[in-house]
Structures are given as structure tokens and as C-alpha cells.
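The values are calculated or read from the model by the stated rules, or taken from the named source; none is laboratory data. Keep in mind that this is a model prediction, so the values were computed, not measured. Every residue, glycine among them, receives a Cβ derived from its backbone with ideal geometry; neighbour counts consider all protein chains shown. Surface areas here come from the heavy atoms of the whole protein model, side chains and all, with no ligands, DNA or RNA. Shrake-Rupley method; radii C 1.70, N 1.55, O 1.52, S 1.80 Å.
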Amino acid sequence: MTYPFPAPATTILVVDDERVSRRVAYRILSEEGYRVLEAENYPETISVLSQARGRIDLVMIDVVMPECDGVELARRVLEEWPDQRILYMSAHPAEVLMRHGLASLDVPFLAKPYTRDEALAKVREALERRQHAEGDPSVERRKRPRLRGR
């Protein structure tokens, strides 16, 4: 049996340090029928994901945040939950995003400010795409120093 999009009980976690941005995303997504949770930072994100026990279908993460930027947060999320789908979002230009570790925009990415239709299209795209911690093309791999003689 197929369901009209979104599937029943599709849950999205919106992670953004700016309350207004979280509320805009919440309103758009909840009006479309998604169940929406919110987090402001790294500790809240990990807490919500832990309590949800794998029932979050997508994590929308702002790339530029204080303390722990969105790319580092996504890296940590994918270490713990390797099949978690991620949708990056930001209002910053590509140069700033690269400084924050987003090595490629060839990932689900939503540019702010966005329209309702843009947000819903990117959410659908991200929900259909799988990401894995080891194969995630969005994050730069930290280069480990080479040992001499190898």
C-alpha cells in the first residue's frame, strides 16, 4: 500500500540556533502533515535523537551555528545513527559554508530564505536519499598525519 507524501508519522527534527528560523520550518512542515521536533544546539539534538530511538526520518541542520557548527553536528549524528538522513540549510554563501566544513553542495541543501515550495521539495529529496557516515560527500574528511615509513 502506498501513501500520499508524506507518509504517516514522518518525523523531522529541525536544528537551528535561531528560534524564528525553527518556527518558520515548523509551520511549513507541520502544515504539510509532518511531525516536527525542534532543537537549538548539539546537546538538544543528541537528546531528541536519543529519546526518539530511531523514529526521526530527517534532521534539518543549519550549517553555521555557534559552539558546534552544523557539519560537525551532522558528522556526530551520523557516527551514532549512520542511516540518518540529513538536510543542510544556510543563508551563507558557499565560501562561508566551505569554511564550516561543507565540502560539497551536492547533498540535500536548502538555501535560506526559502519558499514553502522550495522547502517541501528539498525535504522530499532528502527523505528519498540515503546518507552514511563513511560515504557522506558533504563533509570534509579530516586528514590524519601520515606515519613515516608507510
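Data table
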| item | result |
| --- | --- |
| Search result, residues across segment 112-135 that are out of contact with any helix residue (DSSP H, G or I) (no Cβ under 6 Å at 6 or more places or on another chain), open to solvent by less than 70 Å² (accessible area, probe 1.4 Å) and modelled with pLDDT under 90 | Gln131, Gly135 |
| Residue count, segment 68-97 (criterion: exposed (fewer than 14 other Cβ atoms within 10 Å of the Cβ) and either at pLDDT below 90 or not in a helix (DSSP H, G or I) (or both)) | 5 |
| Whichever residue in segment 32-67 is of a type in the set (Gly, Ala, Ser) and free of Cβ contacts under 8 Å to residues at least 40 places away in the same chain and, among such residues, is least open to solvent (accessible area, probe 1.4 Å) | Ala39 |
| Hits in segment 75-95 (condition: of a type outside the set (D, E, K, R) and under 16 Å from Val123 (Cβ atoms)) | Gln84, Ile86, Leu87, Tyr88, Met89, Ser90 |
